[in-house]
There are 2 protein chains.
Amino acid sequence: MARTTSAGGRKGGPVTLALVAQRAGVSTQTVSNALNSPELLAPGTLKRVREALDELDYRPHRAARSLRTRSSRLIGYGVQPTPPGLSTPVSDHFLHALSDSADQAGYRILLFAALLGADDEAERYDELLREHSVDGFVLNNTYRGDKRPGWLHKKGVPFVAFGRWSAKDTGDWVDVDGAHGTAAAVDHLVAAGHRKIAFLGWPRGSGVGDDRAGGWREAMRRHHLPVRDLRVSSVDEVDAARSAVARVVGRATAVVAASDTLALGCYRALRDAGLSPGRDVAVVGFDDSPAARLLSPSLSSVRQPLDEVGRACTRILMDRIKDPAAAPERVLLAPELIVRESSSAEHRP
Amino acid sequence: MARTTSAGGRKGGPVTLALVAQRAGVSTQTVSNALNSPELLAPGTLKRVREALDELDYRPHRAARSLRTRSSRLIGYGVQPTPPGLSTPVSDHFLHALSDSADQAGYRILLFAALLGADDEAERYDELLREHSVDGFVLNNTYRGDKRPGWLHKKGVPFVAFGRWSAKDTGDWVDVDGAHGTAAAVDHLVAAGHRKIAFLGWPRGSGVGDDRAGGWREAMRRHHLPVRDLRVSSVDEVDAARSAVARVVGRATAVVAASDTLALGCYRALRDAGLSPGRDVAVVGFDDSPAARLLSPSLSSVRQPLDEVGRACTRILMDRIKDPAAAPERVLLAPELIVRESSSAEHRP
DNA sequence: CTCGTGATTTGGATCGATCTAAAATCACCT
DNA sequence: AGGTGATTTTAGATCGATCCAAATCACGAG
């Protein structure tokens, strides 16, 4: 039966194990076993208990269970404040996939406000642990020199990182193969007839940025194409991207950008130079932000499989909670190139 | 001295009230009082207990506290899966502001996967309640006919809605004054010399959409300008927006769009018609999505104060948890028009 | 010097589930 | 019928903090 509306709002206090036990004519322990180790019960008893469970629509009290088992069945996830104007680093998609897969494993996500790189950052994580508020963490936006993975690892706290660019190569992670994405972009552009393909990225030093640049370089070499003077950098600002792109205008017929934001800066720079993005110069972005589809011309972009990333994070974290000492798991997912107008005009040299 | 790294990882088991009590030479109850009702303690005792608390860097066990007080100090927030290609309905900004302000009030955010409008949607909320997993909810994306507010209200569950478009006008909410935003856009365009200002929105029936359309209409009337045949609708798709805009091309010199996505569709339609957005026809969007700043021409847009919305949600929810029977609070926040290139060229008729 | 009064402090029960270990029940064989 | 070992069920303690009510203390009045 288990009707939300009928049994759910039933008067007469909360539905506890004891109540179910009374109704089924057994002890509370037997009810507990019916839930957690049903194989221990005689078939008849199990059936009877399950009926009572169902009729009362019993749900265990999380706090009580948590107190006894010393496990909150909650996973911590720190949300960072997005600096205004930067592309949102983590989308709803990821969070939804994460919550959804966690739910299915009986876990929930606990959000907390984290200041990335702040001095008291470890303090926030530590606090949650000492309160027994979480059983583990999902980290995102790891960066070179990120101290969180090492710190958590040392404490023996289960965690997975979305991103493989932490201080040491320690612990489990899930990441998207950026190099694979930019290489796919190059392959696509070469197939369309392009030979002079520039890369617009961030200054060297960031894991993500260097990874994406590396994919471009590898693919260019593989096609025996020149990379000299075709790599330009800018911080993630339109104006800076504009001046960076100005330097390759005339030297390149296509641009692979490390982000959609940079790609937009590129659009702008091209228009300033009297060129038409998509027609005169092909452009491919990265991240497949919601705007990419809507631009004119619509922007080809490399889409990260955030759903899969979320699910993988959950799966690995569950493994790690079960067996903290097992060998770390690493999952590298391939992104997908979405071809749109900005790169689909046939190029004839 | 409450060092994260020293006392935090201290061996010898968890730091409990009993341990603190032992160290301070008092009973556990006294320590508990020191934390929850310090005015009951003699000054000397308080000082001694506080020292012990500090030296051991004690943190209460959330589950234990929660079990006894019947309050989880957690707030439920359902994340919906974004349909691919639609603008992300809720940004990191909002979630960060929400978590941050909740943290300061001693609460945390519990994320769960919710399918908006699904049959078993109430079930998800109900489950969290019967498990005593949350003390209340923050709802987002309320819509006309949304049954959640009425349902929660009837059950006496504390909640705040971000959005005032629920089934009945019941419960507390925080919202952004969309009409104010579009009216400000009209005022701005009128000041720049425009008289024929079209509105590009969604089909009638959605609270948010009608609100934004209403602001445009009110402002147009206030300026004694015609609204006839200047309101066009499309679902949130670029192609549909394109054909919608085609209908007003030539009749309008400016367009106020109900979202940045629609504004992008408008950009596209204008270019198709051989017109230049920003120069030939001014465009103003809504939401100030990350892309707005980066477009060429950069898009004027109405920015929602999501930080404030998040903080207001927390504040109101705290009030409601303290006193569930008090009169509902409603907060309507004014959005801010961000003027960029798409509407800043002087218009001379 | 005892008693009353209010300010402090404490013991014991409690929240609801799960653990351990022991008791009760059962099946089966001699 | 009685014993044996396995199966099934149960009693009681426990996790850590807070509630309630009772105990202890300080101190001035009678």
5 angstrom amide H check on A:Val255, placed H, neighbours 5+ away: A:Ala198, A:Ala282, A:Val283, A:Val284
Furthest towards positive pole of dipole, B:Val248, B:Leu262, B:Ser233, structure part segment B:205-264, Cβ charges: B:Val248
Within the protein assembly as shown: Cβ-based charge dipole about Cα centre, in debye rounded to nearest 20 (Lys, Arg +1; Asp, Glu -1): 480
Whole-number accessible area per residue in Å² for the protein assembly as shown, which is evaluated in the context of all protein chains at 1.4 Å: 43
Label 7 Å beyond Cα on the Cβ vector: A:His224 copy-to-copy distances, nm: 7.6
Spherically averaged projected area in nm², based on the convex hull that wraps the Cα atoms of segment A:95-144: 4.1
Most mobile listed residue (A:Ala257, A:Ala269, A:Ala52) in chain A, GNM with C-alpha springs under 10 Å: A:Ala52
Amide hydrogen neighbours beyond the local backbone of A:Ile338, cut-off 5 Å, H modeled: A:Ser301, A:Val302, A:Arg303
Dipole in debye (nearest 20) - segment B:17-60, about Cα centre, beta carbon charges: Lys, Arg +1; Asp, Glu -1: 80
Cα gyration tensor, chain A - rounded (a/c under 1.5), prolate or oblate: prolate
Carbon and sulfur %, accessible surface of segment B:17-60 computed with the full protein complex present, 1.4 Å: 51
9 Å beta-carbon shell around A:Arg303, net charge (K/R +1, D/E -1): -3
Total accessible area lost when B and A pair, probe 1.4 Å, Å² to nearest 100: 6100
Per-residue HN-Hα couplings for segment A:100-115 [Karplus 6.51, -1.76, 1.60; θ = phi - 60°; Hz; x = Gly/Pro]: 5, 5, 5, 3, 5, 8, x, 10, 10, 9, 9, 8, 9, 7, 10, 9
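Could you give the size of the charge dipole of chain A about its Cα centre, using +1 on the Cβ of each K and R and -1 on the Cβ of each D and E, expressed in debye and rounded to the nearest 20?
Values: 47 positive and 42 negative charges, 70 e Å.
Approximately 340 debye in magnitude.
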Rotation relating A and B, chain B residue nearest the axis via C-beta, angstrom: B:Ala291, 2
Spherically averaged projected area in nm², based on the convex hull that wraps the Cα atoms of segment A:17-60: 2.5
Chain B: relative contact order as a whole-number percent, Cα under 8 Å and 6+ apart: 16
Copy-to-copy label separations for B:Thr16, where each label sits 7 Å from Cα toward Cβ, in nm and ascending: 2.0
Among A:Arg62, A:Arg195, A:Arg279: highest mean-square fluctuation, GNM of chain A, C-alpha pairs under 10 Å: A:Arg62
Among B:Pro203, B:Leu17, A:Gly156 - extreme Cα towards positive end, dipole of the protein assembly as shown, charges at beta-carbon: B:Leu17
Residue with peak Gaussian network fluctuation, chain B [Cα springs, cutoff 10 Å], from B:Ala105, B:Ala241, B:Ala254: B:Ala105
Listed pairs A:Lys154/B:Lys47; B:Lys47/B:Lys322; A:Lys147/A:Lys322 exceeding 32 Å between Cα atoms: A:Lys154/B:Lys47
Derived scalar couplings ³J(HN,Hα) [segment A:202-213; Karplus, 6.51 cos²θ - 1.76 cosθ + 1.60; whole Hz; x for Gly, Pro]: 9, x, 4, x, 8, x, 4, x, 5, 4, 5, 4
MRE, 222 nm, helices only [DSSP H, n ≥ 4, -39500 (n - 2.57), over chain B, to nearest 500]: -12000 deg cm²/dmol
J(HN,Hα) series, segment A:259-273, from Karplus relation 6.51 cos²θ - 1.76 cosθ + 1.60, nearest Hz, glycine and proline x: 7, 5, 4, 5, 4, 5, x, 5, 3, 5, 4, 5, 5, 4, 8
C-alpha center-to-center spacing [segment A:183-210, segment B:218-274] in angstrom: 37
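The values are calculated or read from the model by the stated rules, or taken from the named source; none is laboratory data. Keep in mind the model is a prediction, meaning the values are calculated, not measured. Note that each Cβ is placed from the backbone with ideal geometry, even for glycine, and that neighbours are counted across all protein chains shown. With ligands, DNA and RNA removed, areas are computed over all heavy atoms of the protein, side chains included. Shrake-Rupley method; radii C 1.70, N 1.55, O 1.52, S 1.80 Å.
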